[in-house]
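The values are calculated or read from the model by the stated rules, or taken from the named source; none is laboratory data. The structure displayed is predicted, hence computed values, not measured ones. Positions of Cβ are generated from backbone atoms using ideal geometry, with glycine treated the same way; all protein chains shown enter the neighbour counts. Please note that ligands, DNA and RNA were not included when accessible areas were found on the heavy atoms of the full protein model with its side chains. Shrake-Rupley method; radii C 1.70, N 1.55, O 1.52, S 1.80 Å.
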Amino acid sequence: MYGKGGIGKSTTSSNLTCRLASKGYHILQIGCDPKHDSTRNLLAGSTQPTVLNVMKEKPPSEIDLDDLIMTAPCGADCIESGGPEPGIGCAGRGIITAMNELKRLGLNKSDYDVVLYDVLGDVVCGGFAVPLRKDYSNVVYLVTSGEFMAVYAANNILRGILNHSPDVPRVGGIILNCRGMEDEDDLVRRFSEAVGIPVVCRVPRDPHFAMSEKEGRTVIDMFPESEPAIQYNALMDNVIGQIEGDAPRYLSNPLTDEELDLLLKGKPVRSDKGQCIRSIRIKPSDGEACAARSAAMSLSGIKDLAVVIHGPRACGYNMCNIRDVHFLGDVKVNPDMDLTYTDNMLCTDMVDADSIFGGADKLNGMLERLCSEGRRYIAIITACIPGIIGDDVSACIRNIKSKYPDVTILDVRTDGNLTGSAFNGTRMAREAIMSLIDDYPEKERGLVNVISSSGMNSGLDRRRIISLLDSLGYGLNSILFNRCTIDEIRRAGRAEFNIPASKRDLSPEYRQMYEDHGMVISDRLLPCGFIESVVWLRAFENDSNKDSVEKYIESCTARYQDVVKRTSKTLDGKRIYLIGWIGRPMDWMVDALKDSGAIVVKAAMSGPITGDPLPSGRHDEVPKSSASTTNDILADLEELKPDLILGTVRAANRLNIRNGPLPKNTISFEASCDLLEYAADLIRAPIESSWKRGCCR
Ligand code: ADP
Ligand code: MG
């Protein structure tokens, strides 16, 4: 039984139930309206415990069907799904949960002759459409009056039915529950004709309803001789006809908005409407990752910031997990790094009930806890659910700010983008954190920030950065936003300029954000590899640091040559196959491998997004491919039979070729030294276990 709120669904349902029960039918009425008043007039005016309330109060193992079903004096069984308070949570989600719970508890619908769902029917979301599904109901009745909004809602329900079963007749008929307005019958008749569905029952507006409602009874029960009681017979006959299989059902053929407009204006509505178009379309994913996750990652490297993920426990688990994996990678590169802030990522741990009753309480509780523990900086990152159910995060922030005015809350609303946009998540997190940067019109000469687009896992070795900058006479102000403090971020603006760690940090959007805070971004990325480091250092060279730069290059060269000499004993003449990733040029690898006498047999770039693996032009003799599939690579390997594969290809271990993943993103001269040591190590390893060593920094 579907229809607009207040139109008389519960009245119709309970009268129908009462009449069918009196005829000996075993009937179950399930109220699916957060108002939970569907069965009130069957239960002598008392309200029964709702499924969702019982679920809130008891653990699943202690809930019994008997807690949820009440048997009315007329003999019918009654259930109310329940729902949240108006304005919070998600009532539609509540219906889904309640229906699932009834299933879990083993509610057997075949015990009944009729199961009647009384559903709030503005069909605003998928939750309210659940009882429309074929595994719940066979027949749908539309309750309407002659008010336009009621007809509009009835038409919307037809749209919902069309989306669920376009080919199977499901509609039993229209029930006209009169409001007593003029022309009421005419409008409903014209609607009925236009959609091709008959009015199976017409109930007049009648004072007996108010009288029986006062007693918590149905009209049928209290005034069996009244006009409405007589009219309900037609509905009962139709329902019995549905049970017996001899009453017709109709296809859903809703009106378009234009046709509804014609109907309202009293104009003829076309009858040859043709096939309606399904209105639900699922947008194909744009292949990007979760925005909330990206935001959380970009803030998780800030030591004294508490990052609160307001969302399901599962999202929090996922994000903390990834953060930890990144963290392990970072510890590897920076063995002496500070680990005290690994607990700065928290989750409000929303569970199913919160998505129905709202999650604001949990967020309030979390903020209160953090503030009372003395945290001064908190970021709130919203996952999808709070956005979908409309948690008022702003109110939570206002609330906590009124108690703790000194606390800074970063409000990062990454909810509401189900297809994900990793870039947007990072951008929003950046905007929030950068709002803390103080204004420094006077820059401090020689002070530099390194900016890294991923908060964690940048693979940036702090000592190497400091040593590079030191040779130039520069000092490191901070690595933004990786292992830095809020104070460092506040003072980020005083640095003379900023060096991006990766190509991503050079993207125009990011650059603009930094420039808006008066920060100057260098065009030169942190260097990776020997030649790149020399070129990079010389680009920053000036009269005052020339000597120290050249001396530094000299000492790095000496060390590099030492490594080349040592590793060439193993690598000389060895044939090496490289498999690269997007945005990771491999020229520096070819330089080093060639220096130690190895032969690069091919540089492949694999995967759907590709790029030139050797963009420098220094290695035109090396065959390269910018878009290799796994099969291409396997064919290459069969043919070339290299001694070593650097890079990842599925099934490489089966080929009996030594292999290991590419070295982690790294910087400076040492990148080349590390690579040679790593390659030599892999070559020396027993062939069947070489891959185990594959974790060069
Ligand atoms: P819904 O379940 O669609 O929200 P209800 O069945 O609760 O609507 O009806 C709303 C109010 O309208 C109730 O107070 C009910 O008694 C009254 N009502 C319903 N149908 C009639 C009618 N035909 N004549 C007079 N009052 C009615
Ligand atoms: Mg109702």
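Of the helices (runs of 4 or more DSSP H) lying entirely inside region 461-516, those containing at least 1 residues that are closer than 22 Å to ALA539 by Cα and β-branched (Val, Ile, Thr) are 462-471. Taken over region 108-126, the criterion of being more than 16 Å from ligand 2 (Cβ to nearest atom) and without any contact (Cβ under 8 Å) to a residue 60 or more places away in the chain is satisfied by ASN108, SER110, CYS125, GLY126.
Screening region 362-392 for residues that are out of contact with any Gly (no Cβ under 9 Å at 6 or more places or on another chain) and β-branched (Val, Ile, Thr) and picking the one that is farthest from VAL351 (Cα to Cα) gives ILE378. Scanning region 180-203 for residues being open to solvent by 20 Å² or more (accessible area, probe 1.4 Å) and either within 16 Å of ligand 2 (Cβ to nearest atom) or in a strand (DSSP E or B) (or both) gives a total of 3. Summed over region 96-124, residues that are surrounded by 16 or more Cβ atoms within 10 Å (Cβ to Cβ) and more than 16 Å from ligand 1 (Cβ to nearest atom) total 12. Listed by first and then second residue, the pairs linking a residue in region 182-209 that is at positive phi and assigned by TED's automatic domain parsing to the domain that holds ASN155 to a residue that is modelled with pLDDT of 95 or more and open to solvent by 70 Å² or more (accessible area, probe 1.4 Å), with Cβ atoms under 9 Å apart and 6 or more places separating them unless they lie on different chains, form an empty list. Within region 525-576, being of a type in the set (S, T, N, Q), more than 30 Å from ARG445 (Cβ to Cβ) and touching a residue at least 12 places away in the same chain (Cβ under 8 Å) holds for THR567, SER568, THR570.
A single entry from ILE479, ILE521 fulfils the requirement of being at pLDDT 90 or above, touching a helix residue (DSSP H, G or I) at 6+ places or on another chain (Cβ under 9 Å) and surrounded by 16 or more Cβ atoms within 10 Å (Cβ to Cβ): ILE521.
Scanning for something open to solvent by 60 Å² or more (accessible area, probe 1.4 Å) and either within 16 Å of ligand 1 (Cβ to nearest atom) or at pLDDT 90 or above (or both), does region 77-92 turn up at least one residue? Working first, answer last.
Filtering region 77-92 for residues open to solvent by 60 Å² or more (accessible area, probe 1.4 Å) gives 85-88.
Okay, now just the ones that are also either within 16 Å of ligand 1 (Cβ to nearest atom) or at pLDDT 90 or above (or both), so 86.
Checking region 77-92: at least one residue is open to solvent by 60 Å² or more (accessible area, probe 1.4 Å) and either within 16 Å of ligand 1 (Cβ to nearest atom) or at pLDDT 90 or above (or both).
Residues in region 539-555 that are in a helix (DSSP H, G or I) and touching a helix residue (DSSP H, G or I) at 6+ places or on another chain (Cβ under 7 Å): SER548, VAL549, TYR552, ILE553.
The sole residue among MET70, MET55 that is more than 16 Å from ligand 1 (Cβ to nearest atom), closer than 23 Å to ASP221 by Cβ and among the hydrophobic types (A, V, I, L, M, F, W, C) is MET70.
Yes or no: ILE645 among the aliphatic types (A, V, I, L, M) and at pLDDT below 90?
Here the answer is no, as ILE645 does not meet what is asked.
The set of residues in region 118-128 that are within 10 Å of TYR2 (Cα to Cα) and either in a helix (DSSP H, G or I) or in contact with a Ser or Thr (Cβ under 6 Å, 6 or more places away or on another chain) (or both) comprises ASP118, PHE128.
Close Cβ contacts (under 6 Å, 6 or more residues apart or on different chains) running from residues in region 221-245 that are under 16 Å from SER137 (Cβ atoms) to residues that are assigned to a helix (DSSP H, G or I) and open to solvent by 70 Å² or more (accessible area, probe 1.4 Å) are absent.
Number of residues in region 39-65 that are under 35 Å from the mean Cα position of the chain (by Cα) and either touching a residue at least 12 places away in the same chain (Cβ under 8 Å) or within 16 Å of ligand 2 (Cβ to nearest atom) (or both) equals 12. In this structure, PHE191 does not satisfy being among the aromatic types (Phe, Trp, Tyr) and within 14 Å of ligand 1 (Cβ to nearest atom). A search for C-beta distances below 7 Å between a residue of region 78-89 that is in contact (Cβ under 8 Å) with a residue 24 or more places away in the chain and any residue that is of a type in the set (Phe, Trp, Tyr), counting only pairs 6+ apart in sequence or on different chains, returns PRO84/PHE357; ILE88/PHE357; GLY89/PHE357. Among the residues of this structure, GLY173 does not count as one that is touching a residue at least 12 places away in the same chain (Cβ under 8 Å), away from ligand 2 (no atom under 16 Å from the Cβ), open to solvent by 50 Å² or more (accessible area, probe 1.4 Å) and under 16 Å from GLY8 (Cβ atoms). Selection of region 1-33 for residues being within 10 Å of ligand 2 (Cβ to nearest atom) and either in contact with a Gly (Cβ under 6 Å, 6 or more places away or on another chain) or among the hydroxyl-bearing types (Ser, Thr, Tyr) (or both) yields GLY3, LYS9, SER10, THR11, THR12, SER13, SER14.
Residues that are over 12 Å from VAL119 (Cα atoms), within 9 Å of ligand 1 (Cβ to nearest atom) and out of contact with any Asp or Glu (no Cβ under 7 Å at 6 or more places or on another chain) are absent from region 16-38. Could you pull out every one of the helices (runs of 4 or more DSSP H) wholly within region 340-403 that has 2 or more residues that are modelled with pLDDT of 95 or more and out of contact with any helix residue (DSSP H, G or I) (no Cβ under 6 Å at 6 or more places or on another chain)? So the answer is 360-372, 393-403.
Among the conditions (1) touching a helix residue (DSSP H, G or I) at 6+ places or on another chain (Cβ under 9 Å); (2) modelled with pLDDT of 85 or more, GLU258 misses just one, which is (1).
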